[in-house]
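*Asks:* There's a structure below that I have some questions on.
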Amino acid sequence: MIFQMHFHRMIMLGVITAAAAWSGQSSSGTSAAEPGSIRWHAQRAQQQGTTSITIPAPRGMFEKISSLDQALSTYHVVVGMPIASVTQVLDNNHVYTWYKLRILESLVSHPNPEVPAVSIPEALLPVKANEIIVHVPQGTVTVDGVRITVTDPDSHLLTLHEKYLLFLSPDSSGQFAYLRAGPNSTFLIKPDNRIAPLVDTQSHMQVDVEASTGGSLDSLRTFAKAKAAERLQQHN
């Protein structure tokens with residue numbers, strides 16, 4: 001009788017242990033990922049027999065900039081060209097494409113010594129004095145055999161070796177910069193030296209840039225030089 005009771009307890013314990021282990025596993029036998037994470041989306045795709053999916057990026061919060069003058073007073077403004085890139089999963093929940101930019105021209109300088117330095121992917125190191133790293137919250141990665149593309153309506157992937165006008169917020173190292181102005185951060189420079197927002201939202205800033213410069217990079221340079229001289233005078 002005692003043996004039977006012990007036997008039944010062992011069976012129940014085995015069932016409970018197996019159930020607990022099963023609840024923490026995906027159908028592929030790997031540990032179940034945190035809901036909403038990139039790996040969780042990969043596991044769901046596997047369960048559905050899909051090898052390629054597209055998901056939206058978590059919506060970000062961007063600084064509201066209403067005019068060109070405000071942007072020139074707030075951001076580090078450069079003309080830059082992406083020369084290398086790498087895409088990776090960050091903190092399990094986000095996909096970022098990182099770009100190394102060669103700075104072709106610095107129009108307005110706004111260092112941020114109080115902003116903690118960001119860890120840069122090894123593939124983009126070293127960062128030279130005339131280079132800076134940025135990232136955008138989208139891109140394509142392969143996780144557990146599933147190709148996952150993350151899209152973001154407020155940003156756009158850059159094209160290597162194209163020229164861009166960028167409004168940046170550097171970290172304390174000066175090697176990395178945030179695109180805190182969201183869709184107002186990046187303007188494509190066309191072959192005729194005209195500029196156009198990479199993500200056209202008809203925001204107050206984008207409308208003001210067009211009204212103030214006529215979409216001309218040369219005109220924007222004139223505004224930027226005046227703002228840089230004004231800042232220099234304030235610091236003297």
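*Asks:* Evaluate the stretch 162-173: report whether one residue or more is closer than 27 Å to residue 115 by Cα, in a helix (DSSP H, G or I) and of a type in the set (A, V, I, L, M).
*Replies:* Looking through the stretch 162-173, none of the residues is closer than 27 Å to residue 115 by Cα, in a helix (DSSP H, G or I) and of a type in the set (A, V, I, L, M).
*Asks:* Taking residue 216 as meeting all but one of (1) more than 15 Å from residue 70 (Cα to Cα); (2) without any contact (Cβ under 8 Å) to a residue 12 or more places away in the chain, write down the number of the exception.
*Replies:* Condition not satisfied by residue 216: (2).
*Asks:* Restricting attention to the stretch 180-205, which residues are within 13 Å of residue 154 (Cβ to Cβ), in contact with a strand residue (DSSP E or B) (Cβ under 6 Å, 6 or more places away or on another chain) and buried (at least 19 other Cβ atoms within 10 Å of the Cβ)? Before you say what the answer is, go through the steps one by one.
*Replies:* Initial filter on the stretch 180-205 (within 13 Å of residue 154 (Cβ to Cβ)): 180-186, 197-201, 203.
Narrowing further to those that are in contact with a strand residue (DSSP E or B) (Cβ under 6 Å, 6 or more places away or on another chain): 180-181, 185-186, 197-198.
Passing the criteria: 181, 185, 186, 197, 198.
*Asks:* Sort out which residues of the stretch 119-131 are buried (at least 16 other Cβ atoms within 10 Å of the Cβ) and either aliphatic (A, V, I, L, M) or assigned to a loop (DSSP other than H, G, I, E, B) (or both), and write them in order of number. Steps first, answer last, please.
*Replies:* Applying the first criterion (buried (at least 16 other Cβ atoms within 10 Å of the Cβ)) to the stretch 119-131 yields 120-121, 124, 127, 131.
Of everything in the stretch 119-131, those that are buried (at least 16 other Cβ atoms within 10 Å of the Cβ) and either aliphatic (A, V, I, L, M) or assigned to a loop (DSSP other than H, G, I, E, B) (or both) turn out to be 120, 121, 124, 127.
*Asks:* So which residues in the stretch 123-161 are of a type in the set (Ser, Thr, Tyr) and under 18 Å from residue 38 (Cα atoms)? If you could, list the steps in order and put the result at the bottom.
*Replies:* Taking the stretch 123-161 first, the residues of a type in the set (Ser, Thr, Tyr) are 140, 142, 149, 151, 155, 159.
Hits for the stretch 123-161 are 140, 142, 149, 151.
*Asks:* A further question on this structure: Restricting attention to the stretch 206-218, which residues are among the small types (Gly, Ala, Ser), assigned to a helix (DSSP H, G or I) and surrounded by 15 or more Cβ atoms within 10 Å (Cβ to Cβ)? Spell out how you get there, then give the answer.
*Replies:* Keep residues of the stretch 206-218 that are among the small types (Gly, Ala, Ser), which gives 211-212, 214-216.
If we keep only those that are assigned to a helix (DSSP H, G or I) too, we end up with 211-212.
Of everything in the stretch 206-218, just one residue is among the small types (Gly, Ala, Ser), assigned to a helix (DSSP H, G or I) and surrounded by 15 or more Cβ atoms within 10 Å (Cβ to Cβ), namely 212.
*Asks:* Residue 204: touching a residue at least 24 places away in the same chain (Cβ under 8 Å) and farther than 30 Å from residue 44 by Cα, yes or no? Outline the logic, then answer.
*Replies:* Working: touching a residue at least 24 places away in the same chain (Cβ under 8 Å): yes; farther than 30 Å from residue 44 by Cα: yes.
Yes.
*Asks:* Another question about this same structure. Of all the residues that make up the stretch 132-145, how many are within 16 Å of residue 169 (Cβ to Cβ) and part of a strand (DSSP E or B)?
*Replies:* Kept after step one, since they are within 16 Å of residue 169 (Cβ to Cβ), are these residues of the stretch 132-145: 132-137.
Checking which are part of a strand (DSSP E or B) leaves us with 132-136.
Result for the stretch 132-145: 5.
*Asks:* What number goes with the only condition from (1) under 24 Å from residue 92 (Cβ atoms); (2) part of a strand (DSSP E or B) that residue 188 does not pass?
*Replies:* In the conditions (1) under 24 Å from residue 92 (Cβ atoms); (2) part of a strand (DSSP E or B), residue 188 misses (1) alone.
*Asks:* Within the bounds of the stretch 190-212, is there any residue that is aliphatic (A, V, I, L, M) and either modelled with pLDDT under 95 or within 16 Å of the chain's Cα centre (by Cα) (or both)?
*Replies:* yes
*Asks:* Taking the stretch 69-94 on its own, how many of its residues are under 16 Å from residue 222 (Cα atoms) and assigned to a strand (DSSP E or B)?
*Replies:* Count: 4.
*Asks:* A further question follows. Would you mind stating whether residue 66 is among the polar types (S, T, N, Q), in a loop (DSSP other than H, G, I, E, B) and closer than 22 Å to residue 34 by Cβ?
*Replies:* Numbers: among the polar types (S, T, N, Q): yes; in a loop (DSSP other than H, G, I, E, B): yes; closer than 22 Å to residue 34 by Cβ: no.
Criteria not met by residue 66.
*Asks:* Kindly check whether there is at least one residue in the stretch 146-158 that is part of a strand (DSSP E or B), more than 18 Å from the chain's Cα centre (by Cα), crowded, with 17+ Cβ neighbours inside 10 Å and touching a residue at least 60 places away in the same chain (Cβ under 8 Å). Lay out the reasoning, then the answer.
*Replies:* Of the residues in the stretch 146-158, the ones part of a strand (DSSP E or B) are 146-151.
Next, only the ones that are more than 18 Å from the chain's Cα centre (by Cα) stay: 146-147.
Retained after the next criterion (residues that are crowded, with 17+ Cβ neighbours inside 10 Å): 146.
Going one step further and asking which of them are touching a residue at least 60 places away in the same chain (Cβ under 8 Å), we end up with 146.
Yes, that holds for at least one residue.
*Asks:* Give the residues of the stretch 75-99 that are of a type in the set (Ser, Thr, Tyr) and at pLDDT below 95, sorted by residue number.
*Replies:* Step one: filter the stretch 75-99 for residues of a type in the set (Ser, Thr, Tyr), giving 75, 85, 87, 96-97, 99.
Hits for the stretch 75-99: nothing passes.
*Asks:* Which residues, taken from the stretch 35-63, are in a loop (DSSP other than H, G, I, E, B) and among the basic types (Lys, Arg)?
*Replies:* Hit for the stretch 35-63 is 59, nothing else.
*Asks:* Which of the residues belonging to the stretch 91-120 are touching a residue at least 60 places away in the same chain (Cβ under 8 Å), within 20 Å of the chain's Cα centre (by Cα) and over 13 Å from residue 177 (Cα atoms)?
*Replies:* Within the stretch 91-120, 97 is the sole residue that qualifies.
The values are calculated or read from the model by the stated rules, or taken from the named source; none is laboratory data. All of these numbers come straight from a predicted model, not from anything done at the bench. Positions of Cβ are generated from backbone atoms using ideal geometry, with glycine treated the same way; all protein chains shown enter the neighbour counts.
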